[in-house]
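Asks: Okay, here's the structure, questions in a sec.
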Amino acid sequence: MINSIGKPLNTFFSWYIKKRIREINKFIQFPILSQKDTLLDLVTIGKKTVFGREHKFSTIISEIDFKNQVPLNKYTDIIPYIEKQKKGEANILWPGQVKWFAQSSGTSCGVVKHIPITLEALKQCHYKGGKDLLSLYYHNNPNTKLFNGKHLIIGGSSTSLSNKSLPVIGDLSAIIMENLPWWCEWRRSPKKVKNLISKKWEDKIRYIVEESSKDDVHILAGTPSWVLVIINQILKEKKIDSIHEIWPNLELYLHGGLNFEPYKNSFKSICHREINFYQNYNATEGFFGLQEKNNDEDMLLMLDYGIYYEFIKQENWFEEQPKTLNLEEVEAFKPYEVVITTNGGLWRYRLEDTIQFTSINPFKIKVVGRTQQFINIAGEEVMIGHIEKALKVATKKCNCQVAEFTVSAVFEKNNNSIGYHLWLIEFLKKPVCIIDFSTILDLELQKINVDYRSKRNNNSPLKNLKIKKLKKQTFYKWLKSHDKLSGQSKIPRINNNLNYVDEILQINNT
């Protein structure tokens with residue numbers, strides 16, 4: 001059945017790819033015009049909404065007008081509008097009623113976020129991004145047979161509000177899965193996957209392991225940590241060393257949400273042959289970027305998904321209403337906070353994600369962290385990108401593998417020292433000597449970050465970093481203790497909440 005349907009779908013997809021590649025090349029060639037057109041289209045659509053009337057969208061004819069009349073917003077600023085939408089009121093942030101709200105962790109504002117997902121955002125952004133990933137993959141690998149097999153996507157959970165007439169709230173991945181078109185649904189693994197949405201996460205994992213191991217899986221997608229949980233469970237139960245013994249045609253892993261580098265060696269160790277890794281930047285608020293070519297380490301910024309972008313320089317991140325830059329004003333290899341205006345009804349929304357442009361012709365990006373995700377107890381300004389890069393080098397030099405980790409600052413004022421950075425690491429393969437590993441990690445951070453190097457001079461004001469090795473599944477148990485077992489739940493790489501650190505250590509010691 002798969003092969004008989006796969007052939008015509010491959011033919012159709014071949015036609016679609018050519019059409020889509022032409023469209024992508026168009027916004028690559030005319031990026032600034034594409035962005036201006038996108039903004040004016042969004043403003044025109046939003047004129048008759050409550051938000052549009054309040055901010056006089058009918059008088060906006062330029063990017064300057066837009067910035068002058070619409071303030072920058074964080075999630076807390078738009079909660080009143082979202083609460084009205086959740087009650088079923090129409091035409092608030094976007095025309096019509098909003099049926100779905102994607103639940104996000106709320107790491108930056110301390111509350112659980114409910115991001116509105118409109119039909120336009122679902123079709124013209126999130127689904128379009130998924131199709132484009134496959135389009136570009138086919139374009140780069142014309143002999144692939146992806147549609148001859150099945151794909152396994154590790155999604156999240158969905159919880160309906162008590163009144164069925166109200167919208168659905170859940171992980172974005174669950175909302176996407178619940179509304180997949182037939183051409184995607186028929187080749188999903190496992191069967192009856194929609195029935196899993198409301199199940200407990202551990203029951204879902206069990207079902208996937210049992211059922212998907214029977215399928216011919218060609219594509220894997222999901223957060224690396226959870227995909228590895230499933231693969232390792234299959235290997236354990238089948239008593240095999242390579243996932244290709246179960247899925248001989250597995251050729252593509254689609255990943256996003258976390259830097260993949262700490263996980264790459266783990267994936268390679270459980271595969272008997274090479275597979276392609278394609279990354280994407282698909283946040284709850286929108287699909288922003290995807291890998292354009294095989295083996296790329298950056299992503300093409302997608303400019304025709306109904307999203308208008310602005311950017312904030314690092315020195316202005318903590319201002320309430322900082323100046324923003326348009327796309328034509330950005331420079332390569334400098335960190336920027338991303339501001340988005342979307343077809344989901346988010347207007348000048350401060351995403352608090354930070355990116356760097358690795359190229360400005362075309363516009364390609366790397367995600368380097370979040371504005372709140374850095375350690376700075378002595379002026380060292382260590383960001384997530386610094387940490388992940390140093391860890392990559394240290395694990396390679398020490399021939400070890402890391403499953404999960406988090407880094408925190410510990411204040412310990414005595415003599416000339418303010419404190420140190422504490423690394424909680426769960427190893428898949430431990431280093432021979434943890435002291436050597438710690439020394440290499442510290443030296444690599446000093447090479448990457450000159451501010452960290454200066455603050456480590458003579459152990460003042462920062463002492464040498466410390467590493468605490470954790471037992472296997474410590475982070476899993478911690479997530480479970482917070483009811484965060486989900487395909488979209490991630491361990492915070494930089495964790496400035498010392499209560500969480502104490503909880504993780506307590507779980508490790510039990």
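Computed from the coordinates by the stated procedures, all read-outs in this text should not be read as laboratory data. In this text, all values refer to a predicted model and were calculated from it rather than measured experimentally. Cβ sites come from the backbone with ideal geometry, for glycine too, and all protein chains shown count toward neighbours.
Asks: When N counts the residues of segment 171-327, how does its alpha-carbon radius of gyration compare numerically with 2.2 N^0.38 Å, as a ratio?
Replies: Working: Rg = 18.4 Å, N = 157, 2.2 N^0.38 = 15.0 Å.
Scaled against compact globular proteins, the figure is 1.23.
Asks: What is the ratio of the Cα radius of gyration of segment 374-509 to 2.2 N^0.38 Å, with N the residue count, to two decimals? Working shown, then result.
Replies: Numbers: Rg = 14.7 Å, N = 136, 2.2 N^0.38 = 14.2 Å.
For segment 374-509, the normalised Cα radius of gyration comes out at 1.04.
Asks: Oh, and also: Treat the count of other C-beta atoms within 10 Å as a stand-in for reagent exposure and order 502, 215 from fewest to most.
Replies: Neighbour counts put them in this order, fewest first: 502, 215.
Asks: If you don't mind, there's one more thing I want to ask. Pop a pseudo-label 7 angstrom from the Cα along the beta-carbon direction at both residue 271 and residue 15 and give the gap in nm to one decimal.
Replies: Between residue 271 and residue 15, the label points sit 3.2 nm apart.
Asks: What list do you get for 219, 275 if you sort them by fewest beta carbons within 10 Å?
Replies: Ranking 219, 275 by Cβ neighbours within 10 Å, fewest first, gives 275, 219.
Asks: Go ahead and estimate [θ] at 222 nm for the chain from helices alone: -39,500 (n - 2.57) per DSSP H run with n ≥ 4, summed, over the residue count, rounded to 500.
Replies: Working: 16 runs with 185 residues, N = 510.
Computed mean residue ellipticity for the chain: -11000 deg cm²/dmol.
Asks: Given a Förster distance of 22 angstrom, what is the FRET efficiency for residue 40 paired with residue 119, based on the Cβ-Cβ distance and rounded to 0.05? Present the calculation step by step, with values, prior to reporting the outcome.
Replies: Numbers: r = 21 Å, r/R0 = 0.95.
FRET efficiency, residue 40 to residue 119: 0.55.
Asks: Within segment 370-461, which GluC sites (Glu not before Pro) sit in a loop by DSSP and count at most 16 neighbouring Cβ atoms inside 10 Å? Could you put the intermediate results ahead of the total?
Replies: Working: sites: 380, 381, 388, 404, 412, 426, 444; in loops: 380, 381.
Listed in order of number, the matching sites are 381.
Asks: Report the charge-dipole magnitude of segment 374-509 in Debye, nearest 20, computed about the Cα centre from +1 at each Lys and Arg Cβ and -1 at each Asp and Glu Cβ.
Replies: Values: 22 positive and 13 negative charges, 90 e Å.
With Lys and Arg at +1 and Asp and Glu at -1, about 440 debye.
Asks: With the dipole of segment 442-510 worked out from charges on the C-beta (+1 for Lys and Arg, -1 for Asp and Glu) around the Cα centre, which of 499, 465, 482 lies farthest toward the positive end?
Replies: The one lying farthest along the dipole's positive direction is 465.
Asks: Rounded to the nearest 0.05, what FRET efficiency do residue 314 and residue 29 give with R0 = 41 Å and r taken as the Cβ-Cβ distance? Could you check?
Replies: On the way: r = 30 Å, r/R0 = 0.73.
After rounding, the FRET efficiency stands at 0.85.
Asks: When N counts the residues of segment 295-334, how does its alpha-carbon radius of gyration compare numerically with 2.2 N^0.38 Å, as a ratio? Spell out each step's value before the answer.
Replies: Working: Rg = 12.5 Å, N = 40, 2.2 N^0.38 = 8.9 Å.
Its radius of gyration relative to the 2.2 N^0.38 Å reference: 1.40.
Asks: In 20 Å bins starting at zero, report the fraction of Cα pairs in the chain per bin as a rounded %.
Replies: Each 20 Å bin holds this share of Cα pairs: 21, 56, 23, 0.
Asks: Size of the dipole of the chain about the Cα centre, Lys and Arg at +1 and Asp and Glu at -1 on the beta carbon, nothing else charged, in debye to 20? Let's see the in-between values first.
Replies: Values: 71 positive and 55 negative charges, 254 e Å.
So the magnitude is around 1220 debye.
Asks: Hey, rough spin-label estimate for residue 233 and residue 358, points 7 angstrom out along Cα→Cβ, what's it come to in nanometres?
Replies: Each label point is offset 7 Å from its Cα along the Cβ direction, giving 3.3 nm.
Asks: Expressed as a rounded percentage, what relative contact order does the chain have, with Cα pairs under 8 Å and six or more residues apart? Walk me through the intermediate numbers first.
Replies: On the way: 891 pairs, mean separation 63.7, N = 510.
Here the relative contact order equals 12 percent.
Asks: Placing +1 on the Cβ of each Lys and Arg and -1 on the Cβ of each Asp and Glu in the chain, which of 38, 209, 14 has its Cα farthest towards the positive end of the resulting dipole?
Replies: Among 38, 209, 14, the one farthest towards the positive end of the dipole of the chain is 209.
Asks: Let me ask something additional. Does segment 381-437 classify as rounded, prolate or oblate by the C-alpha gyration tensor (a ≥ b ≥ c root eigenvalues; a/c under 1.5 gives rounded; else a/b over b/c gives prolate, otherwise oblate)? Before the final figure, lay out each step's value.
Replies: Details: a/c = 2.23, a/b = 1.76, b/c = 1.26.
Here segment 381-437 falls in the prolate category.
Asks: Given contacts defined as C-alpha pairs under 8 Å and at least six residues apart, what's the relative contact order of segment 364-427, whole-number percent?
Replies: Numbers: 65 pairs, mean separation 16.6, N = 64.
Value for segment 364-427: 26 percent.
Asks: Something else: Among 153, 431, 321, whose Cα sits farthest toward the positive end of the charge dipole of the chain (+1 at Cβ of Lys/Arg, -1 at Cβ of Asp/Glu, about the Cα centre)?
Replies: It is 153.
Asks: Provide the percentage of antiparallel DSSP beta bridges, counting only those with both residues in the chain; round to the nearest 5. Present the calculation step by step, with values, prior to reporting the outcome.
Replies: Working: 49 of 75 bridges.
Among the beta bridges of the chain, antiparallel pairing accounts for roughly 65 percent.
Asks: Please check which bits of segment 366-393 a label hung off residue 454 would reach, taking the label as a point 7 Å along Cα-to-C-beta and the cut-off as backbone N under 14 Å.
Replies: Within reach of a label on residue 454, which here means backbone N under 14 Å from a point 7 Å along Cα→Cβ, segment 366-393 contributes 378-382.
Asks: Rounded, prolate or oblate: pick one for segment 21-161, where a ≥ b ≥ c are the square roots of the eigenvalues of its C-alpha gyration tensor, a/c under 1.5 means rounded, and failing that, prolate if a/b is larger than b/c, else oblate. Write out the running numbers ahead of the final one.
Replies: Working: a/c = 2.39, a/b = 1.30, b/c = 1.83.
Oblate is the answer for segment 21-161, as a/c is 1.5 or above yet b/c matches or exceeds a/b.
Asks: If you don't mind, there's one more thing I want to ask. Stretched out fully, how many nm does the piece from residue 97 to residue 477 gain, at 0.36 nm a residue minus the Cα gap?
Replies: Values: separation 380, 0.36 × 380 = 136.80 nm, distance 3.87 nm.
Full-extension gain reported as 132.9 nm.
Asks: Can you tell me how segment 254-317 classifies by the Cα gyration tensor, rounded, prolate or oblate, using a/c under 1.5 as the rounded cut?
Replies: Working: a/c = 2.77, a/b = 1.93, b/c = 1.43.
Taking the square roots of the gyration eigenvalues as a ≥ b ≥ c, segment 254-317 is prolate.
Asks: Please identify every one of the chymotrypsin sites (Phe, Trp or Tyr not before Pro) in segment 312-396 that sits in a loop by DSSP and has no more than 11 other beta carbons within 10 Å of its own beta carbon. Don't jump to the answer; show the numbers that get you there.
Replies: Values: sites: 317, 318, 333, 336, 347, 349, 357, 363, 374; in loops: 317, 318, 333, 347.
Listed in order of number, the matching sites are 318, 333.
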